[in-house]
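Engineer: One structure is given below, represented as structure tokens, and several questions about it will come after.
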Amino acid sequence: MKKVIATLVATATLICAAFGLAACGESYDADHIIKVGASQTPHAEILEEIEDDLKEKGYKLEIKVFDDYILPNTALEEGELDANYFQHTPYLNTFNSEHKTHLAAVDKIHYEPFGVYGKNVNAADYAATKTGRTILIPNDGSNLARALYLLQDEGYLTLKTTTFSESLTTADIADPNGNTVKAVEAQTVATQLNESDNGTIAVINGNYALQANLKAADALAFEDASGEAAQTYANVIAVKEGNEESAKTKALLAALKTKKVYDFITEKYSGAVRPVFTV
């Protein structure tokens, strides 16, 4: 009997080793824990959909939620995370340049078209009155430039250049058309819009619009989701340089780029978030 028990224990130990201890009392070694920093909506919500899939492959997914665009990159640089998921490549490039970090985008997952929202502004008013408004936009890196180009496309201002540059600021507005453009922290735009006077409009990042319970149907205008913008501003999985081909990175991407995740994004966010990978 003792021999049988010893054989069973030895077999179980081998199974545990083969699966990174994932099958044995929810115990995982460091090589099988994937720590990912993410914004709550939609990034963390999307990641939650793959926890069981990664578990089946022997990995435990630990999601750390951040409410800003700085800390998830510094935490990744400092080795506190294995990856993060909240940003697009232009923002990542700007961050690397400004903060001397060494982060790399490894794959595109979804796209969040910028939306224009208003404080008691309906579609007819938005189209007819394009002057004399307060306009709130995100102030971070390429998102600011992206917002300015959307406002130019909508006829609310004119820029000094027709060539897109990620380094544009409000100083590059040639003619505000009588509007007052205020660049504020991206995570506060929706809140400040809610606290503003009637008639104010704001350009809001897709994830922050969702967090503020703003629906795609609430938007007065959207970025064109077809073509170059969707590829340029697709949200990516980022890792520290040197980890692009690591086992953890490959496992994370394989779990994300599935029909299950594609369908989840499509059905849950009704166009406010759109998958950019194919299945």
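Engineer: How much of the DSSP beta bridge set in the chain is antiparallel, as a percent to the nearest 5?
Structural biologist: Roughly 55 percent of the beta bridges in the chain run antiparallel, per DSSP.
Engineer: Let me ask something else. For the chain, which DSSP H helices look membrane-span-like by this rule: Cα extent along the axis of 20 Å or more and mean Kyte-Doolittle of at least 0.5?
Structural biologist: 2-18
Engineer: Set the Förster radius R0 to 41 Å, insert the Cβ-Cβ distance between Asp197 and Glu62 as r into 1/(1 + (r/R0)^6), and round the FRET efficiency to 0.05.
Structural biologist: 0.45
Engineer: Please state the charge dipole magnitude for the range 180-260, taken about the Cα centre, from unit charges on C-beta atoms (+1 on K and R, -1 on D and E), reported in debye and rounded to the nearest 20.
Structural biologist: 540 debye
Engineer: Still on this structure, I have one more. Tell me, which longest segment in the chain has none of the GluC sites (Glu not before Pro) that fall in DSSP loops with at most 10 further Cβ atoms within 10 Å?
Structural biologist: It runs 79-194.
Engineer: Let me ask you something else. Any idea how far the Cα center of the range 59-97 sits from the one of the range 151-166, in Å?
Structural biologist: The range 59-97 and the range 151-166 have Cα centres separated by 29 Å.
Engineer: Calculate the spin-label point distance for Glu51 paired with His102, positioning each point 7 Å from the Cα along the beta-carbon direction, and give it in nanometres.
Structural biologist: That separation, rounded to one decimal, is 3.3 nm.
Engineer: Another question, then. Compare the Cα positions of Leu151, Ile204, Leu252 along the charge dipole of the chain (+1 at Cβ of Lys, Arg; -1 at Cβ of Asp, Glu; about the Cα centre) and return the one farthest towards the positive end.
Structural biologist: Of Leu151, Ile204, Leu252, it is Leu252.
Engineer: Straight distance only, please: which lysines reach the Cα of Lys240 with their own Cα at less than 18 Å, same-chain residues fewer than 8 apart left out?
Structural biologist: Partners within reach: Lys35, Lys64, Lys100, Lys108, Lys248, Lys250.
Engineer: Only four residue types carry charge here, +1 at the Cβ of Lys and Arg and -1 at the Cβ of Asp and Glu. Report the dipole size of the chain about the Cα centre in Debye, rounded to the nearest 20.
Structural biologist: For the chain, the charge dipole is close to 560 debye.
Engineer: Starting from the amide H of Lys130, placed 1.01 Å from N in the peptide plane, find each other amide H under 5 Å away whose residue is 5 or more places distant or on another chain.
Structural biologist: Long-range HN contacts for Lys130: none found.
Engineer: Divide the volume of the convex hull of the Cα atoms of the chain by its number of residues and quote the answer in cubic angstrom per residue.
Structural biologist: Here the figure is 135 Å³ per residue.
Engineer: Can you list residues whose amide H is under 5 Å from Tyr111's amide H, if they're 5+ apart or on another chain and H is modeled 1.01 Å from N?
Structural biologist: Here Asn235, Arg274, Val276 satisfy the definition.
Engineer: Considering only DSSP beta bridges where both residues belong to the range 115-223, give the percentage that are antiparallel (nearest 5).
Structural biologist: 55 percent
Engineer: Within the range 31-51, list the residues whose amide N lies under 19 Å from a label point set 7 Å along Cα→Cβ of Glu267.
Structural biologist: 42-51
Engineer: What is the order of Lys260, Lys248, fewest Cβ neighbours within 10 Å to most?
Structural biologist: Lys260, Lys248
Engineer: Taking the chain as a Gaussian network, where each spring joins two C-alpha atoms under 10 Å apart, which residue of Tyr69, Tyr269, Tyr233 fluctuates the most?
Structural biologist: With Cα springs under 10 Å in the chain, the top fluctuation among Tyr69, Tyr269, Tyr233 is at Tyr269.
Engineer: Another question about this same structure. For the residue pair Thr162 and Phe277, what label-to-label distance in nm results when each label sits 7 Å from Cα along the Cα-to-beta-carbon direction?
Structural biologist: The answer from the label model is 3.9 nm.
Engineer: In nm, give the distance between the simple-model label positions of Lys182 and Ala254, each being 7 Å from the Cα along the Cα-to-Cβ direction.
Structural biologist: Between Lys182 and Ala254, the simple spin-label model gives 5.0 nm.
Engineer: Can you give the helix-only mean residue ellipticity at 222 nm for the chain, where every DSSP H stretch with n ≥ 4 adds -39500 (n - 2.57) and the sum goes over all residues, rounded to the nearest 500 deg cm²/dmol?
Structural biologist: -10000 deg cm²/dmol
Read-outs throughout are calculated quantities, based only on the coordinates presented, and are distinct from any laboratory measurement. Keep in mind that what you see is a predicted model, and the values were worked out from it rather than measured. A quick note on method: Cβ atoms are made from the backbone with ideal geometry, for glycine too, and the neighbour counts reach across all protein chains shown.
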